[in-house]
């Protein structure tokens, strides 16, 4: 039996790769939902891992282990690929919402993934600003 798919932000995926405050919640969500992501998620996860190491929150062993876990998870996910439409939608989102370029691209990719029909589709993030905008777009948050 396959799991229903949710769109995952890297903030919800990173705690699956290394122990963090949100690891328990991410693990519970991982048991419920399959993973859809935008094409840059691997870069975001690697950025998060290296940031944690630079901040002294993880060591080289946890970095290597986290990268292995990320690669294992990546083998199971569905990635929305870049397109001119996603770029245009991200620009439109930036006109209306206080998002970073990456978050606007990610939300636009999520909208592409659900074919512009976010109602009933789940968007998983621990980023409050991104969560608020995703909810206003019609995504269900957990």
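Taken together, the values in this text are just the output of simple stated rules run on the coordinates, not laboratory data. Note that the structure is predicted; figures quoted are calculated from it, not measured. Note: ideal-geometry Cβ built from the backbone for every residue, glycine included; neighbour counts use all protein chains shown.
Among the residues of the stretch 67-122, write down those that are within 24 Å of residue 52 (Cα to Cα) and in contact with a strand residue (DSSP E or B) (Cβ under 6 Å, 6 or more places away or on another chain). Within the stretch 67-122, 77, 106 meet the criteria. Candidates 109, 79, 102: the one that is touching a residue at least 40 places away in the same chain (Cβ under 8 Å) and assigned to a strand (DSSP E or B) is 79. Residues of the stretch 100-113 that are more than 19 Å from residue 30 (Cα to Cα) and surrounded by 21 or more Cβ atoms within 10 Å (Cβ to Cβ): 103, 104, 105, 106, 107, 108, 109, 111. So, in the stretch 123-142, of the ones that are surrounded by 21 or more Cβ atoms within 10 Å (Cβ to Cβ) and not in a helix (DSSP H, G or I), which residue ends up farthest from the chain's Cα centre (by Cα)? Of everything passing the filter in the stretch 123-142, 139 is farthest from the chain's Cα centre (by Cα). Just checking, how many residues over the stretch 82-99 are crowded, with 16+ Cβ neighbours inside 10 Å and in a loop (DSSP other than H, G, I, E, B)? Final tally of qualifying residues: 2.
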